[in-house]
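What follows is a set of notes on a single structure, which appears directly below.
The values are calculated or read from the model by the stated rules, or taken from the named source; none is laboratory data. Worth saying up front: this structure is predicted, and the values here are computed from it rather than measured. Quick reminder, even Gly has a Cβ in these numbers, built from the backbone with ideal geometry, and neighbours come from all protein chains shown.
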Amino acid sequence: MFRVKQLVKKPVSWIRVRDGHILTVDQTTFIADQRFQSIVSSSSEKWSLQIKYVQLRDAGWYECQVSTEPKTSARVRLHVVEPRTVAFGEANRHVKAGSQVTLRCIVKGALEPPLFFNWYFDRKQIFFHNLNPNQKQNPNSWRTEIDKPTTIEGNSSDNHNIDASASTDTVASLIIPSVTKKDSGNYTCSPSSSESITFVLHVLNGEYSASAITSRSCDSFQRNLVWLIVMIIIQSLQVFFRRSQLWQHTLETMKYH
């Protein structure tokens, strides 16, 4: 919501600068988008432009014009941020059984921290408050943590900015102290203010660690590559011998003719 103070008893208009569209004149709306509304406070003589259900496309400059001679105007800039959820580290994990796993998701670009984070395992919500006191004190029990948000301030020296473009990054963690094979599956972090993100956890036993799988995959790839090169060489030699025999036959035919 933008506010300006009316200096004289003249019509007040709100203009969207990017296309010059007249949004409102006094309290009459001149745009089909009914999210825009002009509101006046009779006690303070302040005019406000209200935008309901603000969207990313609403970002930009807006101008308030008072029909004086000469024209009086003031511009304000609207910044619209869209929170997004990202994974901290790899979203596809291979871990060894018995190791501690920490899954972290970060909500970026939010003006305020999320009200809550929900965690799901294979689409079933994980309810930590259902744990009995003994489980809560167990060092091997699952737990969650939310790091203190880090505030990123924008340039507040611009007097035309309505907002200082301040945003916060909030990190939520799901901690599994000792994973087992049955803990393999999909884990979803679902913040209250942005989209969810899913991690895929593969718990491997003994020698079947992530590094072992990677090493075996590399060995298999190398063997297949060598075999492919050998087959290409054999086929090339076959073609060469066929052409040699054909050429020898042609020479003998020419000799007798």
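Checking K108 against (1) out of contact with any Lys or Arg (no Cβ under 8 Å at 6 or more places or on another chain); (2) assigned by TED's automatic domain parsing to the domain that holds S194, which test does it fail?
Going through (1) out of contact with any Lys or Arg (no Cβ under 8 Å at 6 or more places or on another chain); (2) assigned by TED's automatic domain parsing to the domain that holds S194 one by one, K108 breaks only (1).
Conditions tested, residue by residue: (1) surrounded by 13 or more Cβ atoms within 10 Å (Cβ to Cβ); (2) outside the structural domain of F199 (by TED's automatic domain parsing).
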{"residue": "W14", "(1), (2)": "yes, yes"}
{"residue": "L23", "(1), (2)": "yes, yes"}
{"residue": "Q27", "(1), (2)": "no, yes"}
{"residue": "V95", "(1), (2)": "yes, no"}
{"residue": "G98", "(1), (2)": "no, no"}
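Can you spot a residue in the stretch 59-68 that is more than 20 Å from S13 (Cα to Cα) and outside any strand (DSSP E or B)?
No, every residue in the stretch 59-68 fails to be more than 20 Å from S13 (Cα to Cα) and outside any strand (DSSP E or B).
Per-residue answers, yes or no, for (1) touching a strand residue (DSSP E or B) at 6+ places or on another chain (Cβ under 8 Å); (2) closer than 20 Å to T198 by Cα; (3) at pLDDT 65 or above; (4) not in a strand (DSSP E or B):
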site	(1), (2), (3), (4)
R93	yes, yes, yes, no
T102	yes, yes, yes, no
Q135	no, no, no, yes
T151	yes, no, no, no
D158	yes, no, no, yes
I175	yes, yes, yes, no
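Among the residues of the stretch 64-72, are any farther than 26 Å from A172 by Cα, of a type outside the set (D, E) and exposed (fewer than 12 other Cβ atoms within 10 Å of the Cβ)?
Taking every residue of the stretch 64-72 in turn, at least one turns out to be farther than 26 Å from A172 by Cα, of a type outside the set (D, E) and exposed (fewer than 12 other Cβ atoms within 10 Å of the Cβ).
State all residues of the stretch 25-44 that are at negative phi and in a loop (DSSP other than H, G, I, E, B); if no residue qualifies, say none.
Scanning the stretch 25-44 gives Q27, F30, I31, A32, D33, Q34, R35, S42, S43, S44.
Restricting attention to the stretch 35-49, which residues are modelled with pLDDT under 90 and among the aliphatic types (A, V, I, L, M)?
I39, V40
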